[in-house]
Structures are given as C-alpha cells and as structure tokens.
Amino acid sequence: MNDIQRWPARSALMVAHCAGMVDLVALPVWVGTLMSRYGLDAQQAGALATLFLAGAVLASAWLAPRFHGLNGRWIAPAAFGTAALAFFACSQVSQFGALAALHLAGGLANGVGLSVTHGTVARTGNPQRLFGIMQTMLGVFGVIFMAATPQLIGALGGPALFGVFGGVMLVASLVTGLFFPDVAAAGGQQAVSRKAAKLPASVWFGIWGISVMAIVQGMVFSFMERMGADRGFSVSQLNGLLIAVGLFNLPGVIAALFQARINARVVVLCGATAQGVLAMLLASSTAFEPYAAAGAVFVAVMVFTHIFAFGQFAALDPSGRAAAATPAMTMIGAAVGPILGGTLVKLSGYPALGMAALVLDVLAFALFMRLALRPAASYAESPVR
C-alpha cells in the first residue's frame, strides 16, 4: 500500500483542507467580531477579511502553475505554521494597520498550504470522492467551530477568535508535518513526469464560474450574522443558525458517492441558480424563518457545486494544476466578496446584496454552460492510487 492510500496521509489532507478553508465556515463570526468587538465598520471589517483572502489568491495563483514540479511534504507544514504565527500575532494587536498586514501575511501562507493540499488530492486515484469526504469533514469542523467559538469570544473577547484560528493552523502544521503524503513517491516516475500541457479552454470557463459563485458566497455569507442581528434576531437564534450551517455541510459525502450518477453540468447550473435565489431570500427576509432556512443551506450549495466542479477539473487536467488553483478560484471571489458586500451595505443596505448576487449568479450560469464534461469513470485511469 502506497502513502496516499493510508488513512494517516488522507487524514492529513483533511486537516489541511479544514484549516485552509476556514473562511468558508468562519466568515460571519470573523466579520461580526471585527465589527462588534474591534469597532470597525462594515467596509473596514470586510477589507480585513478581503486582505487575508487576497493573500491566499496571490499565493495560489503563483504556486498552481508550478505545482507539478513541487513536493508538498515540507511545504504544507511550513505554510500552515507561518499562518499560525500570523493569527497568534493578530490576537495581540488592535490597530487596523497591524491587523491588515498580519491578515495579508496569514493569507499568503494559508494559500500556499491549501494549494499544495488540493493539488495533491487531484493526483490521487479518485479525487472527487476524496474531495467530497474532505468537504464533509469541513462540515464537521464547522459545527464544532460555530458551537464553540462564539462562546469563547463572549467569555474572552475579540482576540479569542484569532487564538482559535492560530490553534487550527498550528494543528494543521503539526499533522501535515507528520503525515502529509508524498504523491511523487506514491505514483512513481509516471506521476512526476506528467506533461504540463496547456489547460483546456473549457476548464477556464469552469474556473471563472466557481470564482463568480465565490464572490456571491463571500459577499452574502460574510454579513449573514450581522444582517440577522440588525434585524433584531436573538443571539441564541443566530448561534443556532451558525451551527445549522455546519450540519448542512455534512452531506458533502453524497456528492462523492454519487459522482457517476449525477450529471456534473446539471449540478453546477442548478448550484448557480439556487445560490442566487437563496441570496435574495437572505438579504430581503425580515422574518426569522425564511432567513434561517436560506442561511442554513446557503454554504451547502457552494460546497456541493464545488465538489462536482473539482472532479471535472481533476479529470480534465491530470497534472493537478487546475485543482491546485482551487484556492485561487474560490478565494479570488471570497476576497472580493467581503469588501464588495461591505461597500454595498454601507451605501445601500442589506437588500443590495441580494440584487448583486442575482446578477453575478446569472453570469456564473452562463460560464458553466461552457464547461466541458469528462465521465467520472475516467478517474480510474489515474496512475496515482
């Protein structure tokens, strides 16, 4: 049995994925804490989250084209260790300038660690299945994070948020340092000699489609907690909703198990449509029930869509470069989203988020119409098991 087939190696990939994708579950608490505990306005709080995500985008965009020549065995633990230091430093400062610099540094490090993780997953025997399981583990992590972190912040103050982030990155650094797989060794010479051919044009349409959906994700989800609080919903109601967000992410494994039975184009087109509808409902609902119903499944739509898109990227580009760019394609949107959302809220209020989301999801739908498909059975052709 080679390295990637062992559960310690796969567990390391899962831990790295949860740490690297922390923004997917933490953005409402992150932005909400910056506004309520640090006294920042919506635009400033969104800008700090954007700086972290922009750093991840830059790192991923630089690393992804070079991924086929890299070994993540030592890169991942060093990257997550650096991100941990940046977050621990954030817990010791309160000035906007210092927080901004540390958010950018943490994002750069996080983007490197996540890129080598996703690129490694793409060079395994069944990347969509493994990625789906990893997304399910992210859902488990989200439930724990949402149940515990607001309580810690309430008891210890705003710096507790960055202490939690730093602890998550430190655990990822330690686990990847011990167990991160060496895919080049697992696949032998065949794995490292894959041609770095030009990416198919259809892959680029898929990449930009996911990026646009990520803009909507970051723009709306960042302010989900704040828009609920400003509408008078109670702390217990909002905490319950945040936990529900994690619970609805757990069925990500369904996308992995049914990869050969569900048409990927149907999934991505329905995903873009559903996201726009849910964003409108979230941004315009003044009653808790429709707001909570939309909020509970809002992230799950992006997760489910992304799993199928990831599988197609891995199948269409066996070098792993397209999948290694996953942080760039998701976080370029997530980076734009918080500051764009904060600006819209500051200028026009929360309903503007829903209108902007609807326009962007129409664009994502059009881009996904150009995504070529490759049968899931083709994963069996991969030399790395």
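The values are calculated or read from the model by the stated rules, or taken from the named source; none is laboratory data. Just so it is clear, the model here is predicted, and its values are computed rather than measured. In this analysis, Cβ positions are derived from the backbone assuming ideal geometry, glycine residues included, and neighbour counts consider all displayed protein chains.
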### Task
Could you please let me know if G81 is assigned to a helix (DSSP H, G or I), of a type outside the set (V, I, T) and either crowded, with 24+ Cβ neighbours inside 10 Å or touching a Ser or Thr at 6+ places or on another chain (Cβ under 7 Å) (or both)?
yes
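Please pick out the residue among L282, L278 that is at pLDDT 95 or above and farther than 25 Å from P127 by Cα.
Values: L282 fails: at pLDDT 95 or above.
Matching residue, one of L282, L278: L278.
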### Query
Do you know which residues across segment 328-358 are closer than 12 Å to G218 by Cα, crowded, with 24+ Cβ neighbours inside 10 Å and of a type outside the set (S, T, N, Q)?
M331, I332, G333, A334, A335, G337, P338, I339, G341, G342, L353, A357
### Query
Applying the selection to segment 165-204, what residues are at pLDDT 85 or above and in contact with a Phe, Trp or Tyr (Cβ under 7 Å, 6 or more places away or on another chain)?
F165, G166, M169, A172, S173, T176
### Task
Restricting attention to segment 278-296, report how many residues are touching a helix residue (DSSP H, G or I) at 6+ places or on another chain (Cβ under 8 Å) and either surrounded by fewer than 18 Cβ atoms within 10 Å (Cβ to Cβ) or not in a helix (DSSP H, G or I) (or both).
6
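For every residue, the table says whether it meets (1) under 29 Å from A229 (Cα atoms); (2) of a type in the set (D, E, K, R).
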site: A79; (1), (2): no, no
site: F88; (1), (2): yes, no
site: A122; (1), (2): no, no
site: N126; (1), (2): no, no
site: R129; (1), (2): no, yes
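Hey, among F179, F96, F141, which residue is surrounded by fewer than 24 Cβ atoms within 10 Å (Cβ to Cβ), aromatic (F, W, Y) and in contact with a Cys (Cβ under 6 Å, 6 or more places away or on another chain)?
Numbers: F179 fails: in contact with a Cys (Cβ under 6 Å, 6 or more places away or on another chain); F96 fails: in contact with a Cys (Cβ under 6 Å, 6 or more places away or on another chain).
Only one candidate passes the filter, namely F141.
Considering only segment 1-54, how many residues are assigned to a loop (DSSP other than H, G, I, E, B), polar (S, T, N, Q) and surrounded by 24 or more Cβ atoms within 10 Å (Cβ to Cβ)?
Our first condition is that a residue be assigned to a loop (DSSP other than H, G, I, E, B); within segment 1-54, this holds for 1-2, 6, 21, 37-41.
Still in the running and polar (S, T, N, Q): 2.
Then drop every residue that is not surrounded by 24 or more Cβ atoms within 10 Å (Cβ to Cβ), which leaves none.
Summing the residues that are assigned to a loop (DSSP other than H, G, I, E, B), polar (S, T, N, Q) and surrounded by 24 or more Cβ atoms within 10 Å (Cβ to Cβ) in segment 1-54 gives 0.
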### Query
Quick one: which of L152, L104 is modelled with pLDDT of 90 or more, in a helix (DSSP H, G or I), under 29 Å from F313 (Cα atoms) and hydrophobic (A, V, I, L, M, F, W, C)?
L104
